[in-house]
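Enquirer: This structure is in structure tokens; I'll ask about it shortly.
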Amino acid sequence: MRFKLTAIPTTALGTTALAATTLASAIGVASMAQNRPQEVNVYSGRHYNTDKQLYSEFTRRTGIKVNLLEGKDDELIQRLKSEGSKSKADLLVLVDAARLYRAQEANLFRSISSPELKKDVPANLRDPGGRWFALTRRARPMMVNTAAVNPKSIRTYADLAKPEFKGKLCLRNRASVYSQSLVADELVRRGAAATQKWVRGVVANRKEPFFTSDTTMVRAVGQGQCGATIANQYYLARLLSSDNTADRATAKKVRVVWPNPTHVNVTAGGVTRSSRNPEEARRLLEFLASPTSGEGYAAANNEYPLKGWGNNPTLKAFGTFKASPVSMEQLGRRNREAVQLMTQAGWE
């Protein structure tokens with residue numbers, strides 16, 4: 001695995017990318033510095049400059065240094081499992097309930113008690129056992145090209161299984177946790193029989209092939225290759241604000257349709273079981289989940305804050321939605337069943 005070790009401006013770590021050197025050794029060198037303040041070591045699946053700005057602000061306010069290791073979510077989970085009790089990680093930040101539950105099952109988190117986190121993070125967006133807490137929300141609406149599909153013809157995800165959408169639907173592949181969590185949401189809300197029927201219906205309506213990226217899938221809708229799709233809202237927001245003129249023009253042809261209810265997922269973080277700095281990690285979590293800092297954490301990726309809609313003008317233009325009542329814990333717990341059902345239905 002290759003990881004990039006990013007030094008937050010206020011930390012003592014260098015700027016060299018981590019290749020053969022482990023995070024443990026890098027942090028070990030940093031810890032040799034004399035009279036250094038408290039620190040917290042973060043493994044994060046996010047990679048936005050605005051995150052680093054927030055970490056720097058946290059250090060300015062608290063004196064706690066932030067050492068950041070960025071990588072792909074699944075690789076970070078495996079890394080932490082391999083390091084075991086010797087891991088220097090204090091805080092693990094992951095995207096999607098499926099990965100959070102996977103890390104939870106691997107016993108990578110510890111339970112913490114925080115009145116601040118209970119106040120700022122809605123109950124359905126955090127682990128009931130206090131092991132992880134959401135920091136941002138992302139929604140997965142339907143998107144259509146109005147030249148091919150009338151937005152008024154679809155009001156729920158179930159509508160996309162209707163015969164009239166045969167050959168018009170683009171789908172993200174089964175390997176994507178976004179697809180898995182969407183199906184898990186349907187399982188919780190509608191039950192196994194109805195969800196199985198729906199999955200078979202949307203698979204039958206797909207226009208091949210299955211996509212490996214939401215970005216290319218949204219482009220395909222804008223270009224008229226597909227009439228409709230289901231994608232995370234920030235992918236369209238990115239294209240609308242792209243420096244690429246063609247991408248912006250394509251994105252303007254895509255209309256967001258909010259199903260009732262809309263599947264919601266999260267970016268979340270938890271204090272690791274191996275943490276040597278659990279109090280510092282808890283304080284950083286509380287900072288990131290707070291209304292003020294959380295707004296900035298969400299804005300980095302055109303996501304929604306934990307409560308309300310935020311001030312992102314692009315997202316405001318998409319309108320509001322009624323979020324699914326399904327909890328993140330339920331999404332994670334039903335993930336295996338969702339994948340099995342998708343496999344049986346030919347969702348590749």
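Enquirer: Order the peptides 278-289, 300-311 from the highest to the lowest mean number of other Cβ atoms within 10 Å of their residues.
Expert: Averaged packing, sorted descending, gives the order 278-289, 300-311.
Enquirer: For region 179-222, what is Rg from Cα atoms divided by 2.2 N^0.38 Å, rounded to two decimals?
Expert: It is 1.32.
Enquirer: Under 19 Å Cα-Cα from Lys118, which lysines qualify once same-chain neighbours fewer than 8 residues away are excluded?
Expert: Lys307
Enquirer: If I take R0 = 35 Å and measure r between the Cβ atoms of Lys316 and Glu75 in this structure, what FRET efficiency does the formula 1/(1 + (r/R0)^6) give, to the nearest 0.05?
Expert: After rounding, the FRET efficiency stands at 0.50.
Enquirer: Please work out how much length the chain gains when fully extended from Arg248 to Arg336, using 0.36 nm per residue of separation minus the C-alpha to C-alpha distance, in nm with one decimal.
Expert: Numbers: separation 88, 0.36 × 88 = 31.68 nm, distance 3.72 nm.
That pair, Arg248 and Arg336, stretches by 28.0 nm at full extension.
Enquirer: Could you calculate, for region 153-294, the ratio of the Cα radius of gyration to the Kirkwood radius, expressed as Rg to Rh?
Expert: 1.07
Enquirer: Sticking with this structure for a sec: Calculate how many DSSP beta bridges within the chain are antiparallel, expressed in % of all such bridges and rounded to the nearest 5. Present the calculation step by step, with values, prior to reporting the outcome.
Expert: On the way: 25 of 39 bridges.
Rounded to the nearest five, the antiparallel share is 65 percent.
Enquirer: Of all the Cα-Cα pairs you can form in region 117-191, what percent are over 13 Å apart?
Expert: Everything past 13 Å amounts to 76 percent.
Enquirer: Sticking with this structure for a sec: Show me the ranking of peptides 145-155, 124-134, 82-92 by mean Cβ neighbours inside 10 Å, starting with the highest.
Expert: 124-134, 82-92, 145-155
Enquirer: Would you list Leu94, Leu54 from fewest to most Cβ contacts within 10 Å?
Expert: Working: Leu94 27, Leu54 20.
Listing Leu94, Leu54 from fewest to most nearby Cβ atoms yields Leu54, Leu94.
Enquirer: Any idea what diffusion coefficient region 31-104 gets from Stokes-Einstein, in µm²/s, Kirkwood Rh on alpha carbon pairs, 37 °C, 0.692 mPa s?
Expert: Translational D for this selection: 245 µm²/s.
Enquirer: Same structure, new question: Debye calculation, C-alpha points only, no solvent: report log10 I(q)/I(0) for region 44-199 at q = 0.12, 0.13, 0.16 Å⁻¹, in the same order as the q values.
Expert: With no solvent term, the Cα-only Debye profile gives -0.72, -0.81, -1.07.
Enquirer: Nothing charged except the Cβ atoms of Lys and Arg (+1) and of Asp and Glu (-1): what's the magnitude of the dipole of region 54-161 about its Cα centre? Round to the nearest 20 debye.
Expert: So the dipole magnitude of region 54-161 works out to roughly 200 debye.
Enquirer: In addition: With a ≥ b ≥ c taken as the square roots of the eigenvalues of the C-alpha gyration tensor of region 150-213, please select rounded if a/c is under 1.5 and otherwise prolate if a/b is larger than b/c or oblate if it is not?
Expert: oblate
Enquirer: Rounded to the nearest 0.05, what FRET efficiency do Ala193 and Tyr48 give with R0 = 45 Å and r taken as the Cβ-Cβ distance? Could you check?
Expert: Values: r = 41 Å, r/R0 = 0.91.
That gives a FRET efficiency of 0.65.
Enquirer: Can you list residues whose amide H is under 5 Å from Lys65's amide H, if they're 5+ apart or on another chain and H is modeled 1.01 Å from N?
Expert: Gln38, Glu39, Val40
Enquirer: Counting only residues 5 or more places away or on other chains, whose amide H sits under 5 Å from the amide H of Arg172 once H atoms are built in the peptide plane?
Expert: Under 5 Å from the amide H of Arg172: Phe211, Ile230.
Enquirer: Modelling each spin label as a point 7 Å along the Cα-to-Cβ direction, I'd like the Arg200/Thr216 distance in nm, to one decimal.
Expert: 3.0
Enquirer: Any chance you could list the semi-axes, whole Å, largest first, of the equivalent ellipsoid that the Cα gyration tensor gives for the chain, using √(5λ)?
Expert: 37, 21, 18
Enquirer: If you don't mind, there's one more thing I want to ask. Given Val218, Thr229, Ile112, which one lies farthest toward the positive end of the charge dipole of region 108-240, if we put +1 on the Cβ of every Lys and Arg and -1 on the Cβ of every Asp and Glu?
Expert: Thr229
Enquirer: Could you check the spin-label model distance between Gln223 and Glu116? Points 7 Å from the Cα along Cα→Cβ, value in nm.
Expert: 4.7
Enquirer: How big is the Rg/Rh ratio for region 225-323, C-alpha atoms only, Rh by Kirkwood, two decimals?
Expert: Working: Rg = 16.7 Å, Rh = 15.7 Å.
The Rg/Rh ratio comes out at 1.07.
Enquirer: When the helix-only estimate is applied to the chain (DSSP H runs of n ≥ 4, each -39,500 (n - 2.57), divided by the residue count), what is the mean residue ellipticity at 222 nm, nearest 500 deg cm²/dmol?
Expert: On the way: 15 runs with 144 residues, N = 348.
Roughly -12000 deg cm²/dmol at 222 nm, from the helical runs in the chain.
Read-outs: derived from the displayed coordinates by stated rules, not from any lab. Since the model is a prediction, treat every value here as computed from it, not as a measurement. Every residue, glycine as well, gets a Cβ built from its backbone with ideal geometry; the counts of neighbours run over all protein chains shown.
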